[in-house]
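Take a look at the structure set out below.
The values are calculated or read from the model by the stated rules, or taken from the named source; none is laboratory data. All values derive from a computational prediction rather than experimental measurement. Neighbour counts run over all protein chains shown; Cβ positions are idealised from the backbone, glycine included.
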Amino acid sequence: MKKVIVVIMGAVFLVAMSLAATPAVCKAAEAVVIGAIDPLTGSSAIQGSDMQRGEQLALDQINAAGGVNGHPLKILFEDTESNARGGMAAVHKLVDINKVHLIIGAYSSGVSLPTGQWTNSQKVIQMSVASTSPKLKDIGPYFFNVIGLDDVMGTNLAQFALESGANSFASITVNNPFGIGIEIWTQKTIEKAGKQWLDAVRYDENKTDYRAEVERVFSKKPQVVFFTAYGTESKLILKQAYEMGLKPSVGWYADYMTMWSNEVIPETAEGIRGLVIGPAAGIRYEAYQAAYQKKFGADAKQTAFGAYGYDATWIAALALNMAGSTNARKVMKAIYTAGEVYNGVTGDKSFDKDGMQVTDYYRRMVYEKGKLVPYK
């Protein structure tokens, strides 16, 4: 049965790619409506815009290929405003007023944890696009995630930094489930390797001054500093560290570098090493890039998260097709099969028993002269 689905969906994808520029073929039928919650304003607006573009691109292709069981798919987009309060308002609107049974999003574990706990309690499916706290696996059966968790990223990042030969480490991370998750796993990996962990500084979002936090993280003179930040905060933290003349002797190491690479002042981030999530090549990824460029006139590599939004939308559509209805329990079960058979732009999309990703992909990069380039 899975082989049949693979063949059918492969054909559907080829049709979708060839018809992506044409009107949807199923306009007459009543739409199947789902929701999406993205950070369209606030500190993560650049990433949220990319997510929405990826979701819209997938939506266009799905409808060009026939939609969901002959019905057009419709996405109601809501803004989380890059915070938990905005995220909760968004899911309440989509569920209480719009009566959707499936929601794509959100960005940031600090948003996805409370929204996911509530949607799961309502037996509404939520499929996170860019949230990584290991706590997500405990939310419940109606919550899914299409990106790898912090335990994988934190471990990989620490292993990368250990190869530098440094002996002392510290971190400065956002004080929310995402940042704390990265902190925990980098520290575990460093200490397991027998190296010194000097300090773990946590900062609050939306402050106008981070000098005290920057001074603290450098006070014990770590050779490596791990850096976790969203766009707005990253620009200020790196700017203030640069102005204060504070730089780790071996270097900064950062997770999810496209969270901030488009927003920082180039000279303040020069030489930062780290990881970017998602594959860099392959037929599916190249086709996605070309379609994205054609539709939006922009580079699909501006952040990593548009591709994950794209994959989440396709998995949702496949599951709705397989379930034959919008019944959340039927769709929830179908998502596992959809994840197995779907050939993702971001790679293998198989889910484990908790609805989390079985695997993910990380590329080593360095920030040089205003852009991310492969680390050599």
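Quick notes on this one:
- Where helices (runs of 4 or more DSSP H) sit wholly within the range 75-164, those with at least 1 residues that are touching a residue at least 40 places away in the same chain (Cβ under 8 Å), under 20 Å from T346 (Cα atoms) and under 18 Å from the mean Cα position of the chain (by Cα) occupy 109-121, 150-162.
- Under the condition of being surrounded by fewer than 21 Cβ atoms within 10 Å (Cβ to Cβ) and either of a type in the set (S, T, Y) or free of Cβ contacts under 8 Å to residues at least 40 places away in the same chain (or both), the residues counted in the range 165-179 number 2.
- In the range 174-203, of all residues being among the charged types (D, E, K, R) and closer than 17 Å to S133 by Cα, the one that is farthest from the chain's Cα centre (by Cα) corresponds to K188.
- There is at least one residue in the range 147-160 that is over 20 Å from S234 (Cβ atoms), in contact with a Pro (Cβ under 9 Å, 6 or more places away or on another chain) and surrounded by 17 or more Cβ atoms within 10 Å (Cβ to Cβ).
- Complete set of residues in the range 352-376 that are of a type outside the set (D, E, K, R) and closer than 22 Å to W260 by Cβ: Y361, Y362, M365, V366, Y367, G370, L372, V373, P374, Y375
- Qualifying residue in the range 80-90 (condition: in contact with a Ser or Thr (Cβ under 8 Å, 6 or more places away or on another chain), of a type outside the set (A, V, I, L, M), surrounded by fewer than 24 Cβ atoms within 10 Å (Cβ to Cβ) and on the phi > 0 side of the Ramachandran plot): yes
- Residues of the range 327-376 satisfying the condition of being in a strand (DSSP E or B), surrounded by 21 or more Cβ atoms within 10 Å (Cβ to Cβ) and over 15 Å from the mean Cα position of the chain (by Cα): M365, Y367
- Selection status of T326, farther than 30 Å from E263 by Cβ and either modelled with pLDDT under 95 or not β-branched (V, I, T) (or both): yes
- A307 vs. criteria in a loop (DSSP other than H, G, I, E, B), surrounded by 19 or more Cβ atoms within 10 Å (Cβ to Cβ) and under 15 Å from the mean Cα position of the chain (by Cα): no
- Taking the criterion of being touching a residue at least 60 places away in the same chain (Cβ under 8 Å) and either hydroxyl-bearing (S, T, Y) or part of a loop (DSSP other than H, G, I, E, B) (or both), the residues of the range 196-246 that qualify are E205, N206, Y230, T232.
- Evaluation of A36 against the conditions (1) assigned to a helix (DSSP H, G or I); (2) within 25 Å of G297 (Cβ to Cβ); (3) at pLDDT 90 or above; (4) aliphatic (A, V, I, L, M) shows that the sole unmet condition is (1).
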